[in-house]
Amino acid sequence: MDKIVIQGGKPLHGQVDISGAKNAALPVMAATLLSAGRSRITGLPQVRDVDTMARLVEELGVKVIAFQDGEAVLDAATVNNHVAPYHLVSTMRASCLTLGPLLCRLGRARVSLPGGCAIGARPIDQHIKGLVAMGADIKIENGYIIGQASKLKGAHIYFDMVTVTGTMNIMMAAVLAEGETILENVAKEPEVAFLADTLNQSGARIKGAGTDTIVVQGVAAIDPIKCHIFPDRIETATYMIAAAITQGDIEIRNCVPAHVESISLKLIESGAEVEEGETSIKVRGRHPVLPVSVKTQTYPGFPTDVQAQLMALMCISGGKSVIVENIFENRFMHASELNRMGADIQVEGRTAIVAGVNKLSGAPVMATDLRASASLVLAGLVADGETTISRVYHIDRGYQNMEEKLSKLGASIRRVK
Ligand code: EPU
C-alpha cells in the first residue's frame, strides 16, 4: 500500500488550481441513469470515487463511451441491471445515489446497504422513508435494500434531519414521478443546487434547490445530462488551510469564493489574510495563529468535511480552541493521530478541545478517512522532521494529484509505493 512521506517546515508559495467537485460529480453520474440517452459530463475530478461511480453505472448497463481527462460520455440507453453490488457500495457509500434513479428507470432496485463507516453509523433511513412515501415497496434482505415501484408518485416529505445524498436521491426519484413532490428540510449544499440545475437543463422541473424546500413537478422523460462540474469547495478549503498552517502565501485558482465563505471568515479570525477574487482566493498565513472555535453545521455553516483540516491548524495556535462536530458522531479519529505528532487534543463525545502547542513533530501516522488524511498531510507540512502517512488510498478517493499540487507549491512530499 502506498505511503506519503513529508519533510515538514516549508512555507508554501505559488498558485494551485482546484479540480472539479467530487460530491457534485457523483450524483450527476448517478443521474445519467434517468435518461435513455448519451450524457456528457466534463470537469470531473480524476479521483478514485469518480472511477468507482463509473464502474458502478457500467455494471448497471450504462455504456461508457469515453472516460478520461475529466470527461465522461455515458450512454444509459442500455441500462438493464438493477443490482448495485456490495463490493462497490462498500468502497463508496455514494453508490446508494443509484437507488432513486434505478427505481424510476427500471421500476426496481437492489442496492447493497452501505453499513457503518469510519466517521459514523450513517444510516440511510431517510432515503428509504422518502421512496416509501412515493409508493415504493422497500424491504431489507441479505444486506440489500430491495425496492420495487411500478410508477413512483409525488408525495409531501419532511426529512427528519438534513441529509445531502438523501435530498439528492429523492429529488432524482421525483423528477420522473407522477405529479408533484414537496421536500421539506432539505440540504442546501451547492452540490444539491447544481444537481437540480443540471436536471432542469435536461427538462426536469425542480424549484427551490438551495433553500429549505424543494418542489418537483414530475415529467415523463428527461434528456441526457450535459454539465461541467464546478470547483471542489473542500479541496479549496484544504489549500487555504495549507497556506495558513505553513505561514505561506497561496493563490487558489479556479474556485468559487462564495462556497467557502465560512472557511474564509474562520481563517481571518485565526489571523490569516484572505483576499477573494472572482474565481480565486489568496491566503497568507500569519504568526501567531489565533485559536478559533467552530461548530460544524450544514451549508452554509462550517462544513464537517473541513473540520479535520481546521483542527490541524488549531494544533499550532497560540491558545485553546473548541471544535464541535454536529454532523457525524465519530469524526475525530484524526485527533489521536495528531496527538502522536505532539498535538494536545482532548476529545469528549462530539467536542474536541485543542490546546495549541509550539510545534508538531513528524511521526508515522495512519489515515482513517478522506478528510482525516488531509488533516494529517497539513500537520505533516508544518511538523519538524519526517511524517509518513499510511493508508493514503483514502486521499486518492477525493483529492486529485495532491502530492503534485503540494510539490509545486514548494512542499517536500513524495509517494512511496
Ligand atoms: N443521516 C441519517 N439518516 C439518513 C441520512 C443521513 O441519520 O437517511 C445522518 C447521517 O448519519 C449524518 C447526517 O445525517 O449523521 C448527515 O449525513 P448526510 O446524509 O448529509 O451525509 P451524506 O449525504 O452521506 C455527504 C457527503 C459527505 C459529507 C456529508 C455532510 C457525498 C457523496 N458525501 O454525505 O462527504 O460529509 O454529506 O456534508 O456528497 C467527503 O466528501 O469526505 C464526505 C464524507
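Derivation of every value follows stated rules applied to the coordinates shown; laboratory data play no part. These figures come from a predicted structure and were not determined experimentally. For neighbour counting, all protein chains shown are included, and Cβ atoms are generated from backbone atoms with ideal geometry for every residue, glycine included.
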Nearest 20 debye, what's the magnitude of the dipole of the chain about its Cα centre given +1 on Lys and Arg Cβ and -1 on Asp and Glu Cβ? 540
For the chain the mean separation of alpha carbon contacts under 8 Å (6+ apart) over residue count, i.e. relative contact order in percent, is 21
Net charge (Lys, Arg +1; Asp, Glu -1) of residues whose beta-carbon lies under 12 Å from that of R391, R391 excluded, is -2
Roughly what angle does helix 190-201 make with the longest principal axis of the chain, taking Cα atoms, 0 to 90 degrees, to the nearest 10? 30
Which whole-Hz ³J(HN,Hα) couplings does the range 400-406 yield from phi under the Karplus relation 6.51 cos²θ - 1.76 cosθ + 1.60, θ = phi - 60°, glycine and proline marked x? 7, 6, 4, 5, 4, 5, 6
Could you tell me which residue out of N23, T211, T78 lies farthest along the dipole of the range 22-228 toward its positive end? Charges go on the beta carbon: Lys and Arg +1, Asp and Glu -1, centred on the Cα centre. T78
Of 138-145, 244-251, 36-43, ordering from highest average Cβ density within 10 Å down gives 244-251, 36-43, 138-145
Between S270, Q247, L378, whose Cα lies farthest towards the positive end of the dipole of the chain when Lys and Arg beta carbons carry +1 and Asp and Glu beta carbons carry -1, centred on the Cα centre? L378
By per-residue mean of other Cβ atoms within 10 Å, what is the highest-first order of 353-366, 269-282? 353-366, 269-282
How much net charge surrounds T42 when only the other residues with a Cβ under 10 Å from the Cβ of T42 are counted, with Lys and Arg +1 and Asp and Glu -1? 0
Measuring from the longest principal axis of the C-alpha atoms of the chain, the long axis of helix 48-59 (C-alpha) lies at a number of degrees, nearest 10, equal to 20
Relative packing of peptides 308-315, 396-403 - highest average C-beta neighbours within 10 Å first: 308-315, 396-403
Please report how far the C-alpha centroid of the range 23-91 lies from that of the range 340-357, rounded to the nearest whole angstrom. 40
Using the Cα centre of the range 22-228 as the reference point, and only Cβ charges (+1 on K/R, -1 on D/E), how large is the resulting charge dipole? Debye, rounded to the nearest 20. 280
Using θ = phi - 60° and the Karplus form 6.51 cos²θ - 1.76 cosθ + 1.60, what ³J(HN,Hα) does each residue of the range 20-29 get, whole Hz, x for Gly and Pro? x, 6, 3, 7, 9, 5, 4, x, 5, 5
Each label sits 7 Å from Cα toward the beta-carbon; between N401 and R205 the label points are separated, in nm, by 4.4
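If neighbour count is taken as other Cβ atoms inside 10 Å, put S375, S150 in order from fewest to most.
S150, S375
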Taking a cut-off of 22 Å between Cα atoms, list the lysines near K405, but don't count ones fewer than 8 places away on the same chain. K3, K10, K22, K282, K417
